[in-house]
1. Take the conditions of a type in the set (Gly, Ala, Ser) and over 22 Å from the mean Cα position of the chain (by Cα) and apply them to residue A:164. Does it pass?
2. Which of the residues that make up segment A:127-147 are of a type in the set (A, V, I, L, M) and either loosely packed, with under 12 Cβ neighbours inside 10 Å or modelled with pLDDT of 85 or more (or both)?
3. Look through A:213, A:209 and report the one residue that is touching a His at 6+ places or on another chain (Cβ under 6 Å) and within 14 Å of chain B (Cβ to nearest Cβ).
4. Only residues that are of a type in the set (A, V, I, L, M, F, W, C) and surrounded by fewer than 20 Cβ atoms within 10 Å (Cβ to Cβ): list them for segment B:133-163, please.
5. Determine which member of the set A:139, A:144, A:168 is in the same structural domain as residue A:108 (by TED's automatic domain parsing) and either without any contact (Cβ under 8 Å) to a residue 24 or more places away in the chain or touching a His at 6+ places or on another chain (Cβ under 9 Å) (or both).
6. If I filter segment A:148-165 for residues that are among the β-branched types (Val, Ile, Thr), assigned to a helix (DSSP H, G or I), surrounded by 13 or more Cβ atoms within 10 Å (Cβ to Cβ) and in the same structural domain as residue A:237 (by TED's automatic domain parsing), do I get at least one hit?
7. Can you confirm whether segment B:160-177 contains a residue that is over 27 Å from residue B:66 (Cα atoms), in contact with a helix residue (DSSP H, G or I) (Cβ under 8 Å, 6 or more places away or on another chain), more than 14 Å from chain A (Cβ to nearest Cβ) and of a type in the set (S, T, N, Q)?
8. Report, by residue number, each residue of segment B:63-77 that is of a type outside the set (Phe, Trp, Tyr) and either surrounded by 18 or more Cβ atoms within 10 Å (Cβ to Cβ) or not in a helix (DSSP H, G or I) (or both).
Amino acid sequence: MHAVAADRQAVSLARRARPDIATRIGHLALRAAAALSLGFILLPLVLVIWLAFFRQEIPSFPPEGYSLRWFGAVVENKSFVGGFLLSLQVGIAATLIGLALAVPASLAIGRRRFAGRGAVNTLLLMPLVVPGVVLGTSIYVFQIEAEIATGWPILGSTAALVAAHALIVIPWAVRLVTASLAGFDPAVEEAAKNLGANPWTTFRRVTLPAIRPGIVAGALFGFVMSFGNLEMSLFLVGAGRTTLPIAILQYLEWKIDPTVAAASVMQIALIGAAMLVTDRYVKIAQVV
Amino acid sequence: MARLELLGLSKRYGDHYAVKSVNLEVSDGEFVVLLGPSGCGKTTTLRMVAGFVEPSGGSARIGGVDITYLRPWRRNTGMVFQSYALFPHMSVAENVAFGLEMRRLARPEIAARAKEALRLVRLEAYAERLPRQLSGGQQQRVALARALAIRPDVLLLDEPLSNLDAKLREEVRIEIRELQRQLGLTTIMVTHDQEEALTVADRLVVMADGEIRQIGSQRDLYERPADRFVAGFVGRSTFLDGRVTAPGEFESAGGLRLKCHIDGALGPAALALRPERLTLNAAGGLDNRLPGRVEFVSYLGAVLELHVRLSPADRVIVQLPNRGEAAGPALGDTVEVGWPRDAGLVFAGQANAGATEERT
């Protein structure tokens with residue numbers, strides 16, 4: 001009887017060790033599908049990066065040779081450099097403002113039960129759903145009316161641009177902060193209070209460290225979205241001032257040399273580096 | 001360490017009372033367990049003592065000082081949560097030191113007291129670990145050390161063992177009880193597990209529907225339950241519905257005439273019988289002897305449990321101790337069930353009260 005049981009165990013072990021043909025085909029198909037999707041996503045990126053190093057002015061395949069001259073052209077181009085600086089300023093300011101609004105909002109949504117909680121949550125995510133052109137137009141119209149009503153120089157000001165960009169940051173920050181809050185046991189905050197921590201200390205010492213990955217990821221994504229925004233900014237920048245995406249668009253109206261590709265590569269490298277550096281301190285993968 | 005008094009403490013949500021006028025005194029160093037089914041108000045009561053729920057009425061005092069509306073961080077209570085609630089980003093030592101830091105003690109004293117608390121729960125060696133690197137039992141011991149380190153006036157335990165597996169539960173339970181005794185801590189524990197409650201408590205408080213049904217020792221609750229609910233919740237009882245027809249005479253719904261305890265009031269009533277107080281085919285001297293048919297047999301190791309039908313409407317549960325005899329009664333056997341009149345408890349007019357009782 002024991003021998004029979006042992007045999008059976010051996011058989012089942014063997015089965016587990018060597019999956020049957022169907023399972024193996026399934027695994028292969030899954031890997032192939034994953035590789036295909038990844039390739040589909042990466043292909044344009046790879047092409048842009050490749051293009052940035054072409055020597056000739058008119059992009060054509062195969063390349064006549066390789067060169068770094070387009071990167072020099074980017075740095076020498078005043079409107080690219082000015083656009084980059086403006087985008088950087090606006091992105092950072094909008095991210096800070098967006099976070100200052102999104103973190104308290106997320107805490108309220110994630111921790112408290114109040115009437116209209118679902119509606120508030122949806123409202124905060126709305127800017128993600130409304131097409132950029134629509135958002136840009138409506139903010140533009142609003143700013144005209146606001147300027148007429150108050151007499152302040154709102155239209156085309158950096159402050160107004162920052163305010164609009166904060167709107168793009170908020171949904172990302174809210175989404176990611178509420179996500180990190182969802183996995184956090186409210187009893188932990190109660191434990192802190194029970195041990196003598198007042199609400200502010202509880203937030204600083206217990207809640208904040210717990211939602212930090214969400215905040216960092218929200219800031220990063222919000223910044224990237226603001227930095228790359230074109231449609232809305234088109235309506236809102238002042239005369240003679242451009243953000244980087246607008247500078248790139250304007251350049252493309254006249255030329256299609258690889259300078260634009262080089263600018264994109266620099267942008268990709270910058271954002272990629274920011275993500276890698278951030279990931280060293282906070283595991284973004286935990287929340288995204 | 002101090003005496004805790006709850007005076008008419010209530011919590012109302014709309015017109016529903018989660019806790020209704022709870023009066024309870026816990027003496028210095030006493031271990032009191034609040035026992036009841038889920039939703040009975042025991043956790044709300046505990047959370048009012050901790051300050052997380054604001055009472056709608058009544059008051060609470062610790063060491064004679066009114067704390068009814070004091071914010072949680074201004075009370076000196078030590079709470080242990082069901083989910084451990086350790087700070088995930090802090091080491092074990094930092095977790096235990098947190099409450100001491102909040103009390104602005106000097107660094108050397110914080111270190112010394114944190115170490116002492118960890119020694120009490122035998123986890124000194126784990127001081128530098130993060131909570132997630134510990135087992136559930138160890139995490140709950142850290143939570144206990146964290147609550148003990150602040151030398152609380154009252155220790156509050158909110159189902160502290162529910163997330164542990166059975167073996168560990170017993171270990172941690174004994175550990176909690178020994179520490180509580182050793183430190184002389186005034187303690188309230190909330191649980192729905194009666195075995196847990198019976199093994200640790202000095203005194204038990206049975207709650208149902210937001211109210212205290214009975215306060216007493218283990219023996220009080222078991223031998224003299226205050227009502228039908230307690231009789232069904234603490235230990236097991238079979239209930240026979242019927243009426244008291246004359247002093248000491250009970251007539252069941254199925255028409256059985258039974259002798260019962262003399263002080264039951266006349267009128268509708270329920271007769272509660274503890275399964276282990278009933279005997280089968282006993283030699284003599286019993287007030288009640290009734291023939292019945294065995295409908296269900298269950299071998300439980302220490303006891304043999306039988307369900308015996310006495311009439312179409314009456315069925316009783318009988319537990320026979322395992323004395324190493326050959327096979328006991330089998331399914332379908334006719335047996336004689338007997339019990340002395342004092343074994344039956346009569347609860348007047350409570351035909352359908354109670355949530356967890358066994359029905360016939």
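The values are calculated or read from the model by the stated rules, or taken from the named source; none is laboratory data. Computed from a predicted structure; not experimentally measured. Please note: Cβ atoms are built from the backbone with ideal geometry, for glycine as well, and neighbour counts cover all protein chains shown.
1. no
2. We begin by selecting, within segment A:127-147, every residue of a type in the set (A, V, I, L, M); these are A:128-130, A:133-135, A:139, A:141, A:144, A:146.
Across segment A:127-147, the qualifying residues are A:129, A:130, A:133, A:134, A:135, A:139, A:141, A:144, A:146.
3. Values: A:213 fails: touching a His at 6+ places or on another chain (Cβ under 6 Å).
Checking each option against the conditions leaves just A:209.
4. Narrowing segment B:133-163 to residues of a type in the set (A, V, I, L, M, F, W, C): B:134, B:142-145, B:147-150, B:154-157, B:161.
B:134 - this is the single residue of segment B:133-163 that is of a type in the set (A, V, I, L, M, F, W, C) and surrounded by fewer than 20 Cβ atoms within 10 Å (Cβ to Cβ).
5. Values: A:139 fails: either without any contact (Cβ under 8 Å) to a residue 24 or more places away in the chain or touching a His at 6+ places or on another chain (Cβ under 9 Å) (or both); A:168 fails: either without any contact (Cβ under 8 Å) to a residue 24 or more places away in the chain or touching a His at 6+ places or on another chain (Cβ under 9 Å) (or both).
Answer to the check: A:144.
6. First, the residues of segment A:148-165 that are among the β-branched types (Val, Ile, Thr): A:148, A:150, A:154, A:158, A:162.
Those still in the list that are assigned to a helix (DSSP H, G or I) too: A:148, A:150, A:158, A:162.
Next, only the ones that are surrounded by 13 or more Cβ atoms within 10 Å (Cβ to Cβ) stay: A:158, A:162.
Cutting the leftovers down to in the same structural domain as residue A:237 (by TED's automatic domain parsing) gives us A:158, A:162.
Yes, there is a match, as at least one residue in segment A:148-165 is among the β-branched types (Val, Ile, Thr), assigned to a helix (DSSP H, G or I), surrounded by 13 or more Cβ atoms within 10 Å (Cβ to Cβ) and in the same structural domain as residue A:237 (by TED's automatic domain parsing).
7. Scanning segment B:160-177, I find no residue that is over 27 Å from residue B:66 (Cα atoms), in contact with a helix residue (DSSP H, G or I) (Cβ under 8 Å, 6 or more places away or on another chain), more than 14 Å from chain A (Cβ to nearest Cβ) and of a type in the set (S, T, N, Q), so the answer is no.
8. Here is the first cut: in segment B:63-77, the ones of a type outside the set (Phe, Trp, Tyr) are B:63-68, B:70-72, B:74-77.
Once the filter is applied, which keeps residues that are of a type outside the set (Phe, Trp, Tyr) and either surrounded by 18 or more Cβ atoms within 10 Å (Cβ to Cβ) or not in a helix (DSSP H, G or I) (or both), segment B:63-77 yields B:63, B:64, B:65, B:66, B:67, B:68, B:70, B:71, B:72, B:75, B:76, B:77.
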